[in-house]
Structures are given as structure tokens and as C-alpha cells.
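Right, one structure below, let's go through it.
The values are calculated or read from the model by the stated rules, or taken from the named source; none is laboratory data. Remember, it's a predicted structure, so these values are computed and weren't measured experimentally. All Cβ positions, glycine included, derive from the backbone under ideal geometry; neighbour counts span all protein chains shown.
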Amino acid sequence: MLRDSVMELNTMKIHDIVIRGAAQGALLPAILHGEDCITYGDLHALSDKLCHLLKSNGLIGGHGLMFIGNSIEYAVGYFGISKADAVPAPTPVSLPLNRLPSELAYCDADYVVTDAKHVEAVKQSARSVPAVRAVITLSSGGRDMKLEWMPSHVQAERSLLPSTNNNDHVAVMISTSGTANDPKRVMLSHQNIFANIESFNEVAQLTKEDRAAIVLPMTAVGTHTTEFLAYLSAGMTIHIYKGIFVLGNFCRLLQERQITVANVTPFILMNMLSKASEVGRKLTSVKKIFFASAPFAQDVFRQVISSFPNVGFYYGYGLTEAAPRCSTLLPEDQMNKMGSSGRALRHVEIKIIDELGRSLPAGQLGEITVKGPNVMLGYYKKSDLTAESIQDGYLRTGDCGYLDEDQFLYIRGRRKNIIITRGISVSPEEVEQELVGYPDITEAYVAGYSDEQLGESIVAYVVPRNNSMPNQGHVKEFLRSRLDAAKVPSRIEFVEKLQRNHNQKLIRG
């Protein structure tokens, strides 16, 4: 970890990661994307160059919205904005372009850093938002950078227009990874990020000899903190997956680049499991795979572990507001604590509370709350929501779960997703977890619908494996052997695919 003391942790800025990386190994490869490669020294120099371009055009401080896909340009843009005393606001390129103007306005973006692929759409959006003062493009792995657009009145006064959005404490503004149609921006401090990297690396044990693959969006908080920044903090080499995700291409990257560490989603793990023998032959160098997201079916997790015995799997729990990682289940605990998301990371406290905010004892289900140096500063321009979410220093996550007597955390779903049927509270995530344990089902989504007799009836939408058509009666019988009868869906519908957001999370509602 790139720090020498607790005091230093409080004074470091996120761009210190690349400064120290260059000082400790300027010629070492930092990031590869396809055939393009950038060293730690080059990443430092190019982000310095972008910083100079911004400052020389009066773009000092403020908020720099990033509209760049996974790439070396993303890294150059991120650190260049930070070095210019500004707050990066990474934005997924999957965002519908007609929503970009409102995103620029909400973020109070002073300028946009983008790439050649998106520059025309970005310029069109920027012109419609008066506060946006410039558009900068990066290309050729960040080696080429250009002030693409700046209104004439800004050009005339640019040396006199420092931003009014300065905040020394805010390191980055990240979109929440929830599934709401109107995502919020979470303000994370430099301390939030470094504290989470340090705590995460205590369990991950990353070293500069490791080689990592990044396949998930770098705008997502998990990829942002516990991959992109954590890997660079450890002096590792990052290989960014290129193109639309195809399992075979991903496995080829793991094999050809001798990847030792990767972070995936349960969805990707399910794909890997479906072709276990073929995938296994290409995982010879992989030592650790990290994943989080939704609760994972225990039977499926056991199959994953047995199918890839030479890989250590680290299953965790986290959320954007906690920078994100809160707990991790280590490989040595998986057989005894199957179904758990592990113990809290160091410096993180997890407490379960009831509806009145009272602490609950081990084994009792309630709302998960989190406290620690990783907890966000707040939601941008949403002070009331921040006050509701952080009470007495504890972040109210909105997730349901419990701690066992050994302080291992078990997640049971989102409070707001709870379905009330026959007077019983049902977590749709719990039912989904069991559904994907059925041999011929790969994905599942469970919802509640108003019902005069039941209160709500439970309906499951499932994606069959390899175009098979499971028998609905057999699926229900399978569920009855694992769930309370009231939790078994009254109807099961088979669909080709489920709707997911840019983080591959299910879109509910």
C-alpha cells in the first residue's frame, strides 16, 4: 500500500498513486489495452500534460465529467483531472445520450474529458448546458489530447474564470450502482478511497508481481476502487479487456497474459461454470477471483469452487456509499460459512438494526448499517437524503441481513424489494438465489404483483440454459425443497434475457 503512516493517509490525494508508481517503477507497465501499453512513468507524464492543458485554459478546480469507456485514455483523464485540483465525475458511456445534458447539469460539470468516439455527441450536449466551459478529447492511449471546444466568451475570459466548485475533501463523484432510473452521485473523499484500498488489500494480498484483468466498467465503484486504484496502488500491471464481453475472448486474455487476479460478476461466473472444462484449462495462472453483487446460490458456489480448485474465490459485500467494500468471505471460510459475505474488513463496523434503529443480536434479521472511514461524505446536492442515510455515523444501507455468532454477515436482499404475501415478508433475492441453483436455469428475476387474496403474488422470470424449457412443476417442486411454501412463485415465466444496467445488475421495477 502506498502510505507510511495513518497521518499520511489523511493527506494523500488519489493522483499520488500514479506519482508514487512512477517514482518506484517508471519503466514498469501500468496498463495494457489490446496491443497498446503505458508505463507508470508515461501515465504520470501524460496525466501531468492533461493537467497543464486544463490549467493553461483556466480550467482549475471544479468538476470534470469523464465520458470515456474502459481504456488507457480513461486512466490519463482520471489522474489528469485530479492533478488539476478538480473532482473527476466518471460517467458510463452506456448512458443514453439524450440524458447526457441533464447529467452535465446535475454534476455542475465545468468541462468534459472524452474520446474520439463520443466527442461529437458530447459537444452537442455541452452546448446545451451553459455552465460547461470546454470539451477535451484524448486519443492514442492518451498521448494525443486536444481542447476540442470552448465557447468564445470563455476563451476571452478563461484566465479569469477559476471554478467555484472547489472542494479539497472530495476525490471523486461516482454514480450509484443501484437500479433506479435516476441515479445519484456519491461524493467520496480521498480518505474514503485510501482507507478502503488498504482494508481490501489486507485480505486480497495484492503484490506488484500480480497481473490483473479488468472486464467490468471502470466507472462502477467496485472497479474504480478495488480494481483500478487498488491494482495501481500495489504496482501491478492491469490488462483491460477489449470489446464486447465474450467468454472465450475473456478466457483467452486470462491465458495469454498469464493473469493472476480478476474481478467478475456472478453472471460471468455462471457462464464460466457452464463451460467449466474448457475454461479450467485457461485458468492455469489465475490465483484469485473476486466477486460481489447479488446473493449467490450456495449450490452453484460449491460447483464453482469444485470446478476450479486452484483458484481462490473471494465473495464480498459492498455499496457505492461505502467506497465500496465492507466485508469479504475468504476461501478458507467458505465451506463452514457458505452463504455468507464474510466478516467486516478492518476499520469497518457492521451493525444490524430493527425498524426503530435498535441493535439486534446475532441471528436476527434486520437492516445492515456500516460505519468506518470508508463511508461517503454524502450525496451530491442531496443533503436531506444524506442526513437520512447517515445517522450517528452509521450508513443505513437499505439491505436486509444478519450477523451470526462469529460476526459473519449474511445478506437477504433489499428492504424496498421485500414482497409481502400471505402476511410473510419474502426477499426476491433469496428466491432468485435458489432458482439459479436449478440445473436448467441461468438467470432469474422475482417480483411481487398486487393480489386481492394474497396481498402480493410472486412471479418469477427465468432464463433457461441453452434454450431448454424446464418443466414449471419440476421447478416449483425444486423450490419447495429449499424454501418455505409461501416463498414459491405462483407463476414462472421463461424469457430470453433479463434487463441489466451498465454494472450488470438487474433492473427492478
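What about Ser128, is it exposed (fewer than 14 other Cβ atoms within 10 Å of the Cβ) and at pLDDT below 95? No.
Could you please find all residues in the stretch 258-280 being surrounded by fewer than 16 Cβ atoms within 10 Å (Cβ to Cβ) and touching a residue at least 12 places away in the same chain (Cβ under 8 Å)? Result: Gln258, Ser274, Lys275, Ala276, Glu278. It is to be established whether one or more residues within the stretch 375-393 are in the same structural domain as Asn271 (by TED's automatic domain parsing), of a type in the set (S, T, N, Q), closer than 26 Å to Gln191 by Cβ and in a strand (DSSP E or B). Within the stretch 375-393, one or more residues are in the same structural domain as Asn271 (by TED's automatic domain parsing), of a type in the set (S, T, N, Q), closer than 26 Å to Gln191 by Cβ and in a strand (DSSP E or B). For Ser383, the conditions (1) of a type in the set (S, T, N, Q); (2) touching a Pro at 6+ places or on another chain (Cβ under 7 Å); (3) surrounded by fewer than 17 Cβ atoms within 10 Å (Cβ to Cβ) all hold with the exception of (2). Of all residues in the stretch 321-346, which are at pLDDT below 95 and on the phi > 0 side of the Ramachandran plot? The one that is at pLDDT below 95 and on the phi > 0 side of the Ramachandran plot: Gly339. Within the stretch 131-181, the set of residues being in contact with a Pro (Cβ under 9 Å, 6 or more places away or on another chain) and either at pLDDT 80 or above or more than 24 Å from Leu377 (Cβ to Cβ) (or both) comprises Val132, Arg133, Ala134, Pro151, Ala171, Val172, Met173, Ile174, Ser175, Thr176. Residues that are closer than 16 Å to Gly243 by Cα, modelled with pLDDT of 95 or more and over 24 Å from the mean Cα position of the chain (by Cα) within the stretch 20-40 comprise just one, Asp36.
Answer with yes or no whether Tyr394 is buried (at least 17 other Cβ atoms within 10 Å of the Cβ) and more than 23 Å from Arg508 (Cβ to Cβ). Against the criterion (buried (at least 17 other Cβ atoms within 10 Å of the Cβ) and more than 23 Å from Arg508 (Cβ to Cβ)), Tyr394 qualifies.
Each row is one residue, and each column tells you yes or no for (1) part of a loop (DSSP other than H, G, I, E, B); (2) among the small types (Gly, Ala, Ser); (3) within 30 Å of Ile350 (Cα to Cα); (4) touching a Lys or Arg at 6+ places or on another chain (Cβ under 6 Å).
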| residue | (1), (2), (3), (4) |
| --- | --- |
| Leu273 | no, no, no, no |
| Glu278 | no, no, no, no |
| Thr284 | yes, no, no, no |
| Phe290 | no, no, yes, no |
| Phe301 | no, no, yes, no |
| Val304 | no, no, yes, no |
| Tyr315 | no, no, yes, no |
| Glu321 | no, no, yes, no |
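Out of everything in the stretch 290-320 that is among the small types (Gly, Ala, Ser) and modelled with pLDDT of 85 or more, what residue ends up being farthest from Gly401 (Cα to Cα)?
Among them, the one singled out is Ser307.
Which of the strands (runs of 3 or more DSSP E) found entirely inside the stretch 403-478 contain at least 3 residues meeting this: at pLDDT 90 or above and under 28 Å from Asn271 (Cα atoms)?
Values: elements: 409-414, 419-421, 424-426, 441-451, 455-464.
Because the criterion is at least 3 residues that are at pLDDT 90 or above and under 28 Å from Asn271 (Cα atoms), the strands (runs of 3 or more DSSP E) in the stretch 403-478 that meet it are 409-414, 441-451, 455-464.
What are the residues in the stretch 15-68 that are in contact with a strand residue (DSSP E or B) (Cβ under 7 Å, 6 or more places away or on another chain) and within 14 Å of Ile238 (Cα to Cα), if any? Within the stretch 15-68, Gly21, Leu28, Pro29, Ala30, Ile31, Leu32, His33, Cys37, Ile38, Thr39, Tyr40, Leu43 qualify.
Take the conditions in a helix (DSSP H, G or I), assigned by TED's automatic domain parsing to the domain that holds Glu198 and touching a Gly at 6+ places or on another chain (Cβ under 8 Å) and apply them to Thr328. Does it pass? Here the answer is no, as Thr328 does not meet what is asked.
Matching residues to (1) modelled with pLDDT under 95; (2) surrounded by fewer than 24 Cβ atoms within 10 Å (Cβ to Cβ); (3) assigned by TED's automatic domain parsing to the domain that holds Gly69; (4) polar (S, T, N, Q):
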| site | (1), (2), (3), (4) |
| --- | --- |
| Phe194 | no, no, no, no |
| Ile214 | no, yes, no, no |
| Gly243 | yes, yes, no, no |
| Gly248 | no, yes, no, no |
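Determine if the stretch 363-370 includes at least one residue that is in contact with an Asp or Glu (Cβ under 7 Å, 6 or more places away or on another chain) and loosely packed, with under 14 Cβ neighbours inside 10 Å. Yes, the stretch 363-370 has at least one match.
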